[in-house]
1. Residues of region 136-175 being within 24 Å of Ile220 (Cβ to Cβ) and loosely packed, with under 15 Cβ neighbours inside 10 Å, which ones?
2. Which pairs have Cβ atoms under 8 Å, sit 6 or more apart or on different chains, and link a residue in region 176-201 that is surrounded by 21 or more Cβ atoms within 10 Å (Cβ to Cβ) to one that is aromatic (Phe, Trp, Tyr)?
3. Could you tell me whether Ser78 is surrounded by fewer than 18 Cβ atoms within 10 Å (Cβ to Cβ), among the small types (Gly, Ala, Ser) and within 18 Å of the chain's Cα centre (by Cα)?
4. Within region 147-175, can you find the residues that are more than 25 Å from Gln115 (Cβ to Cβ) and either in contact (Cβ under 8 Å) with a residue 24 or more places away in the chain or polar (S, T, N, Q) (or both)?
5. Can you pull out every residue in region 117-157 that is under 21 Å from Lys174 (Cα atoms) and of a type in the set (Val, Ile, Thr)?
6. Could you identify the single residue in Glu67, Glu45 that is in contact with a Phe, Trp or Tyr (Cβ under 9 Å, 6 or more places away or on another chain), surrounded by fewer than 17 Cβ atoms within 10 Å (Cβ to Cβ) and touching a residue at least 40 places away in the same chain (Cβ under 8 Å)?
7. Considering only region 60-131, give the strands (runs of 3 or more DSSP E) lying wholly within it that have at least 3 residues that are polar (S, T, N, Q).
8. Please pick out the residue among Ile15, Ile106, Ile82, Ile100 that is of a type in the set (A, V, I, L, M, F, W, C) and farther than 29 Å from Leu149 by Cβ.
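What follows draws every value from the coordinates through simple rules; no lab data is involved. Keep in mind that what you see is a predicted model, and the values were worked out from it rather than measured. Cβ atoms come from the backbone with ideal geometry, glycine included; neighbour counts cover every protein chain shown.
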Amino acid sequence: MKNGFEYITENYRRICAGIEEAKAKYRSPDDNIQLMAVTKTVSPEAVNHAISMGIRLLGENRVQEYESKKDYYNPVASVHFIGHLQTNKVKYIIEDMDLIQSVDSIKLAAEIDRQAKRVNKVQNVLVEVNIGCEESKSGVSPDDLENLLYEAAKFENIHVKGLMTIPPSEKSEKFLCKMQQLYLDISSKNMDNIDMDILSMGMSGDYIKAIEYGSNLVRIGSALFGARKYM
Ligand SMILES: *Cc1c(COP(=O)(O)O)cnc(C)c1O
């Protein structure tokens with residue numbers, strides 16, 4: 001049946017093949033690499049088409065946009081928040097998110113803990129690292145990471161599951177490598193109440209490289225849905 005979303009089908013197959021190829025080349029056969037569809041500016045119909053192909057993980061950047069689309073999503077997919085999150089908006093998304101990937105301050109962690117308590121859940125989170133120390137990007141600096149993890153571990157209704165990053169577009173490989181080192185370094189410290197299960201890195205332009213450097217969750221937008229048309 002033609003529904004106008006055949007390009008998503010093709011893109012999805014190409015991305016899955018790329019992931020499998022990278023995995024065969026750089027990783028062990030039992031490594032699990034999750035593919036997230038990043039939904040910003042994409043219609044719920046297109047998102048649901050991706051779900052019908054096999055996508056089971058959606059990434060949301062904007063609270064308002066998510067609110068306007070969530071009722072139309074096929075609920076079989078789980079949803080992660082990946083955008084910059086203001087503390088006053090945590091309350092709107094806390095019940096829906098299986099993972100909040102963008103924790104970058106103690107203040108935000110404290111508010112997530114408070115809201116998670118209110119709705120009776122333990123919220124899984126990743127800490128976002130600004131690996132290139134770029135002015136324009138959110139995320140904690142590599143130097144402050146350990147302290148933020150130490151503080152986040154004290155909250156009862158938060159569970160840290162790993163790290164997320166968006167490397168600089170220039171010299172991205174160097175930063176993917178640096179991020180892998182940091183992730184392994186933190187893992188080896190076995191911090192109380194902190195798990196390092198997830199390394200979320202790799203987008204449309206660098207997901208193959210990110211898999212080479214240990215990513216187990218790639219976040220793909222434009223390579224799956226086409227170039228974004230900003231509304
Ligand atoms: C937009 C976005 C992506 C996906 O970007 P593409 O280059 O379109 O694949 C991944 N992660 C985050 C945090 C994003 O905001």
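1. Ser136, Ser169, Glu170, Lys171, Glu173, Lys174
2. Sorted first by the residue in region 176-201, then by its partner, the pairs are Leu176/Tyr213; Met179/Tyr213; Leu199/Tyr183; Met201/Tyr213.
3. Answer is yes for this residue.
4. Once the filter is applied, which keeps residues that are more than 25 Å from Gln115 (Cβ to Cβ) and either in contact (Cβ under 8 Å) with a residue 24 or more places away in the chain or polar (S, T, N, Q) (or both), region 147-175 yields Pro167, Pro168, Ser169, Ser172, Glu173, Phe175.
5. If the condition is that a residue be under 21 Å from Lys174 (Cα atoms) and of a type in the set (Val, Ile, Thr), then Val127, Val129, Ile131, Val140 are the ones that fit.
6. Glu45
7. The strands (runs of 3 or more DSSP E) meeting that bar number zero.
8. The match here is Ile15.
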